[in-house]
Amino acid sequence: QVQLVESGGGLVQPGGSLRLSCVASGILFGFYTMTWYRQAQGKQRELVATITTGGGTNYADSVKGRFAISRDNAKNTVYLQMNSLKPEDTAVYYCNSAQRGRSYWGQGTQVTVSS
């Protein structure tokens, strides 16, 4: 059974930082592209950052220079370091794993940026 479990969300003030984690089980983690998505209330889910099996990364323009995605294949974990957070970063953040048409999602973790 495939499971992706996100953690690390919470309430943070503008300008603050959070580090999200997503632990995967039931897949050969190193063979999967890992992506963080987010969905704000009333809006469509959007891609935040992707990291390939080879370590290549891609970011949404809105988070470039502030967020960093990384992976630890030995721990089956992908991370999202979020710095200089803004109120518009408030959303539920989801972890996704994808490989050759197979796609799995976590349950999401809430990030709220507010003073």
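The values are calculated or read from the model by the stated rules, or taken from the named source; none is laboratory data. No experiment lies behind these values; they were computed from the predicted model shown. Backbone-built Cβ (ideal geometry, glycine too); neighbour counts: all protein chains shown. Heavy atoms of the whole protein, side chains included, go into the accessibility calculation; ligands, DNA and RNA do not. Shrake-Rupley method; radii C 1.70, N 1.55, O 1.52, S 1.80 Å.
A few notes on this one:
- The stretch 99-110 - residue that is assigned to a strand (DSSP E or B) and at pLDDT 95 or above and, of those, surrounded by the fewest Cβ atoms within 10 Å (Cβ to Cβ): Gln110
- Filtering the stretch 58-87 to residues that are in contact with a strand residue (DSSP E or B) (Cβ under 8 Å, 6 or more places away or on another chain), open to solvent by 70 Å² or more (accessible area, probe 1.4 Å) and closer than 23 Å to Gln99 by Cα leaves Asn58, Lys75.
- Top-ranked residue of the stretch 28-39 - restricted to ones that are open to solvent by less than 20 Å² (accessible area, probe 1.4 Å) and not polar (S, T, N, Q), ranked as nearest to Thr109 (Cα to Cα): Arg38
- In the stretch 9-27, of all residues being over 23 Å from Arg100 (Cβ atoms) and assigned to a strand (DSSP E or B), the one that is least open to solvent (accessible area, probe 1.4 Å) corresponds to Leu20.
- Pairs where the first residue, in the stretch 58-78, is part of a strand (DSSP E or B) and the second is aromatic (Phe, Trp, Tyr) and surrounded by 14 or more Cβ atoms within 10 Å (Cβ to Cβ), C-beta under 6 Å, 6+ apart: Ser70/Tyr79
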